[in-house]
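The structure under discussion appears below in the form of structure tokens.
Here, each number is a calculation from the coordinates, and none is a lab measurement. On a predicted model such as this, the values are computed, not experimentally measured, just so you know. Every residue, glycine as well, gets a Cβ built from its backbone with ideal geometry; the counts of neighbours run over all protein chains shown.
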Amino acid sequence: MERKYWNPVLETLPRERLWELELKNFRKLLSYAKDHSALYREKLKGVDPKEIRTREDLRQLPLTDKEDLRRAQEGAGRGLYGDLLGVPWEDVTTFRQTSGTTGRPVYVPETYESWQWRVEAWCHILWMAGFREADRVFMPFGYNVYVAFWEGHYAAEKIGCEVVPGGALDTKGRIDKMREVSATAMMSTPTYGLHMAEEAQKMGIDPKEIGIRRILCAGEPMPGATRRLLEEVWGAEVHDHIGGTEPCGWAGMCQQRDGLHVIEPFFLVEILDRETMSREVGEGEEGVAVVTPLGRRSFPLIRFNTKDVVVRGKDGCACGRTSMMIRQVLGRADDLVKVRGVLFNPVSVEEVLREEFPEVREYEVLLERKGAMDEITLRVEPEQEMGKEYHLALRGRLIERLKMKTNLRFEIEVLPPGTLPRYTLKAKRFKDLRRS
Ligand SMILES: [Zn+2]
């Protein structure tokens with residue numbers, strides 16, 4: 001019989017049992033961090049782990065954000081990691097770091113044991129997405145010091161898949177390799193998945209014929225429309241997951257492909273209302289994900305503010321898993337901005353374009369201040385050169401659809417094909433120029 005769960009016991013525990021386990025491990029982590037991490041010795045002064053009994057009690061504890069980690073890294077502790085480290089320096093076996101796109105990178109030390117803990121959490125994500133022993137998984141990236149694809153690589157091996165690293169090749173070389181070895185699965189950012197499909201088509205190859213049956217996406221928020229587009233061009237099941245360098249991948253998509261399962265009891269996850277960060281939101285409400293990875297000692301992390309804005313789902317799922325559900329990932333809190341008093345999420349533009357404007361190949365959104373007013377401009381690049389009349393019609397449709405979706409009036413610029421930058425790994429299509 002097909003084995004349904006990676007860990008049949010943990011994945012189907014009643015929710016009260018999950019909470020008991022998470023609370024127990026949370027207290028242990030608190031005690032450990034107070035004793036072994038200079039960052040938390042300071043941050044948790046006066047906190048008695050035994051007094052944490054309810055989810056309300058959790059919220060009395062301070063949050064940890066990226067800036068805390070950067071400061072701690074520069075603290076007086078030993079080596080590269082300063083005050084972040086929770087183990088003797090010699091026990092560290094793995095170095096990873098954040099990308100540093102939002103400031104100085106944070107270095108992440110792992111011991112052999114804590115790295116294996118991350119890999120195990122990722123096994124849940126891959127198994128849920130349908131990765132199995134018979135899969136040959138192609139990794140179209142060089143992973144460098146960045147964590148997600150390393151985790152995916154090791155977890156796929158642990159499951160029993162065969163992993164083909166495709167780092168030192170260009171896109172064409174990767175497509176050739178995938179065909180040569182008959183890969184059945186891959187991991188990719190959504191942007192690169194679409195880019196690869198386009199390159200394959202240029203080579204005269206229909207991506208569907210390569211034989212990829214499932215794709216796990218990482219690295220960027222992926223609206224449903226983009227996921228469906230990837231499924232269509234590759235003829236594959238596409239699964240999302242959410243995670244980060246500091247906490248690890250902490251939620252993944254099961255075969256229902258309707259929201260994400262938090263990987264419990266590996267992570268204690270709170271979804272807090274964005275305004276006050278002091279109340280857990282209910283089903284259907286949006287909030288910021290605060291994540292505590294419960295099994296790591298090398299890099300203790302307590303109530304990490306991921307700044308990922310998500311919509312909480314209804315617990316319980318047709319797949320039988322009992323974990324907390326995330327209905328949708330909306331994007332990064334830093335990217336959600338107020339424009340003329342209206343809250344705007346750049347991902348909504350991608351949703352509209354992918355769903356209704358297949359002729360638009362590339363786009364970017366610019367937010368500028370003109371006098372006292374914010375002005376928002378969408379620059380689009382159609383697949384091929386079109387006449388003036390077509391441009392006018394396209395502009396009209398875009399203004400109308402975007403107004404419906406975002407409640408904002410966009411300026412539209414239609415550019416000749418090949419004008420906008422192409423992104424291969426992660427896209428940066430939203431530019432808020434009011435800040436600069
Ligand atoms: Zn499920």
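Along the chain, the exposed loop sites are GluC sites (Glu not before Pro) outside DSSP states H, G, I, E and B with at most 10 other Cβ atoms within 10 Å, and the longest stretch free of them is 134-274. With both labels modelled 7 Å from their Cα along Cα-to-Cβ, the residue 390 to residue 144 distance reads 3.7 nm. Only Cα pairs under 8 Å and 6+ residues apart enter the sum, and on that basis the relative contact order of region 337-432 stands at 33 percent.
Solvent-free Debye calculation, one equal scatterer per alpha-carbon of region 328-370: log10 I(q)/I(0) at 0.21, 0.28, 0.32 Å⁻¹ equals -0.81, -1.09, -1.18. Among all the aspartates and glutamates, which ones have a C-alpha under 16 Å from residue 405's C-alpha, if same-chain residues fewer than 8 places away are not counted? Cα-Cα hits under 16 Å: 350, 351, 355, 356. Set the Cα radius of gyration of region 11-67 against 2.2 N^0.38 Å, with N its number of residues, and you get 1.23.
In this structure, the pairs whose alpha-carbon distance is over 25 Å, taken from 314/428; 208/426; 34/314; 202/388, are 314/428; 34/314; 202/388.
Restricting attention to region 287-436, close to 75% of DSSP beta bridges with both partner residues there are antiparallel.
Here the spin labels are modelled as points 7 Å beyond Cα on the Cα-Cβ line, and at residue 275 and residue 333 they lie 1.5 nm apart. Using the Stokes-Einstein relation with a Kirkwood hydrodynamic radius computed over Cα pairs, the translational diffusion coefficient of region 337-432 at 25 °C and a viscosity of 0.890 mPa s comes to 177 µm²/s. Per residue, the Cα convex hull of region 1-332 amounts to 133 Å³. Within region 236-284, the proportion of Cα pairs with more than 17 Å between them is 49 percent.
A helix-only calculation puts the chain at -9500 deg cm²/dmol for mean residue ellipticity at 222 nm, using -39500 (n - 2.57) for each DSSP H run of at least four residues, averaged over all residues. For the chain, the relative contact order is 13 percent, taking Cα pairs closer than 8 Å that sit 6 or more residues apart in sequence and dividing their mean separation by the residue count.
Which aspartates and glutamates have a Cα less than 20 Å from the Cα of residue 172, not counting those fewer than 8 places away in the same chain? Reachable aspartates and glutamates: 180, 198, 199, 206, 209.
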